[in-house]
1. List, please: which pairs have Cβ atoms under 8 Å, are six or more places apart or on different chains, and start with a residue in region 26-41 that is in a loop (DSSP other than H, G, I, E, B) and end with one that is basic (Lys, Arg)?
2. Residues Thr53, Thr15, Thr30: which one is modelled with pLDDT under 65 and on the phi < 0 side of the Ramachandran plot?
3. Are any of the residues in region 81-94 touching a His at 6+ places or on another chain (Cβ under 8 Å) and modelled with pLDDT under 90?
4. Looking at this structure, is Thr58 closer than 16 Å to His156 by Cα, surrounded by 15 or more Cβ atoms within 10 Å (Cβ to Cβ), polar (S, T, N, Q) and at pLDDT below 95?
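The values are calculated or read from the model by the stated rules, or taken from the named source; none is laboratory data. A quick note: this is a predicted structure, and the numbers were derived from the prediction, not measured. For neighbour counting, all protein chains shown are included, and Cβ atoms are generated from backbone atoms with ideal geometry for every residue, glycine included.
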Amino acid sequence: MTTVLAYSTSTPLLTTTGRPAGLEHWPRHTSATVDDIVVSGVSMLRLVELCGTPCVHTATAEATGESGPERSIDISVVVVRVTNVRGRGAERVVEVDGRLDGCDACWVELRMIGRTSTAPAIAVGLSTPSEPGTGNQVSLPEDIAAGDLIAAPCGHVSALRDIRRG
């Protein structure tokens, strides 16, 4: 629930508390650097450079049934850009350039990428083009600003047309 700040080969995603993040929500072979998420060898920052935002990367994840063995499924990672931050404290709302409500985003696993932050995580409302207002409550760094990038693992495959504005 906080910004990715460190990478270790033994625990690929670490939070500011030093505890491993919930990798079960991210695709297989996901790792992190101090300012990026890398999924199956693809840098999400490089993907943004090539495609702009919002953008989607699809990869394989492990799914376990209640009593069944693990099986492979495809899921997506969506990257959106913060377009505006308004309000203060509990009234803070972060607006992004993509619709995350239709991609089954794992809200507790949102990660800011593109820069590091040592600011504490705070609860903010996430406003998307299709869900204006305060939207979902998510945890992001207190210093989140317009232009920042947010990566979100999604529970199923999402097409770019599903997350574009409009």
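1. Hits for this filter: Asp35/Arg115; Ser40/Arg28.
2. Answer to the selection: Thr15.
3. Scanning region 81-94, I find no residue that is touching a His at 6+ places or on another chain (Cβ under 8 Å) and modelled with pLDDT under 90, so the answer is no.
4. Taking the combined requirement at face value, the residue satisfies it.
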